[in-house]
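Here's the structure we're looking at; comments come further down.
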Amino acid sequence: MQAMEINRSRSDNLFLETKLGIVTRTGDWFHITSKQIEKFVPGLLDERPLGKLVEEAVAWVRSADSLALTLLLILLLTMHPVLAAVIAIAFHFFWYRSKSGFVTIYLGKLLKMMNTDGYLLMTSLVIISLLGMDGQYWAAGTGLVFFFLMKLGLLKRLWDKLDEGVDKKLSLNDRVFKMILIKYGMYYNKNAEQVENMEAKFRELATSRKGNSGK
């Protein structure tokens, strides 16, 4: 029980920090703690608070749904619904698996905005309504179905299901957080510890959490 001692964040309860890492209110785990961040990138938390780092990490983790939905809605205006859906699903798979390679310190705010319910609802409502008024009911229905797929995170669950049993050095979430630490370390001119050491700690905490959850 001691290993699961919890510290509440000061960022509107966005996350809880435990000895096994950080868990957000959206259910995302990052196997790193503030103490380890300070060890890996000394002084970074003085420049960028932990809450801000977690917010950006969540924005990147959740970005596949919002970007794929936006892409689909745009494509529905110009091409056949089946082709648009295939492209959007393929993009979702690619981005969900590879997003850590595109992490920059400048896109976090944009992705955070695109992940909001307000953006997703308004964008979907406007484009689906336009398609319906134009008589493109199949396209409008495709957009509506895809909206619920993204809101429920069903594609994410499918990709995670396909990955079950695959041995990975780092989880997709931890890859994103690692890249955010590296990018901000470079931005603020902080000397980061070797990436291999950082990855080892991520893996150690991930293994510890799985071991505790299995008891």
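Just so you know, all these numbers are worked out from the coordinates, no wet-lab data involved. Small disclaimer: the values here were computed from a predicted structure and weren't measured. Quick reminder, even Gly has a Cβ in these numbers, built from the backbone with ideal geometry, and neighbours come from all protein chains shown.
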Exercise. Only loop residues by DSSP count here, and only those with at most 13 other Cβ atoms within 10 Å; note down the chymotrypsin sites (Phe, Trp or Tyr not before Pro) in the stretch 91-173 that meet that.
Key: 106
Quiz item: Can you give the convex hull volume of the alpha carbon atoms of the chain per residue, in Å³?
Solution: 124
Quiz item: Given the convex hull over the Cα atoms of the stretch 61-163, what projected area results after averaging over all orientations, in nm²?
Solution: 6.4
Quiz prompt | Euclidean distance of C-alpha centroids, the stretch 91-127 and the stretch 22-84, integer Å | solution = 8
Quiz item: So what is the relative contact order for the chain, in percent, with contacts set as C-alpha pairs under 8 Å and at least six apart?
Solution: 27
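Counting other C-beta atoms within 10 Å, and keeping those with at most 10, which DSSP coil GluC sites (Glu not before Pro) do you find in the stretch 47-90? Working shown, then result.
Values: sites: 47, 55, 56; in loops: none.
Here no GluC sites (Glu not before Pro) fit, given the DSSP loop and packing criteria.
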Practice problem: Decide, for the stretch 103-177, between rounded, prolate and oblate: order the square roots of the alpha carbon gyration tensor eigenvalues as a ≥ b ≥ c, take rounded if a/c falls under 1.5, and otherwise choose prolate if a/b is larger than b/c, else oblate. | Solution: oblate
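What order do you get for 114, 186 when you list them from fewest to most C-beta neighbours inside 10 Å? Kindly include the intermediate steps, with their values, before the conclusion.
On the way: 114 19, 186 12.
Ascending Cβ contact count within 10 Å gives the list 186, 114.
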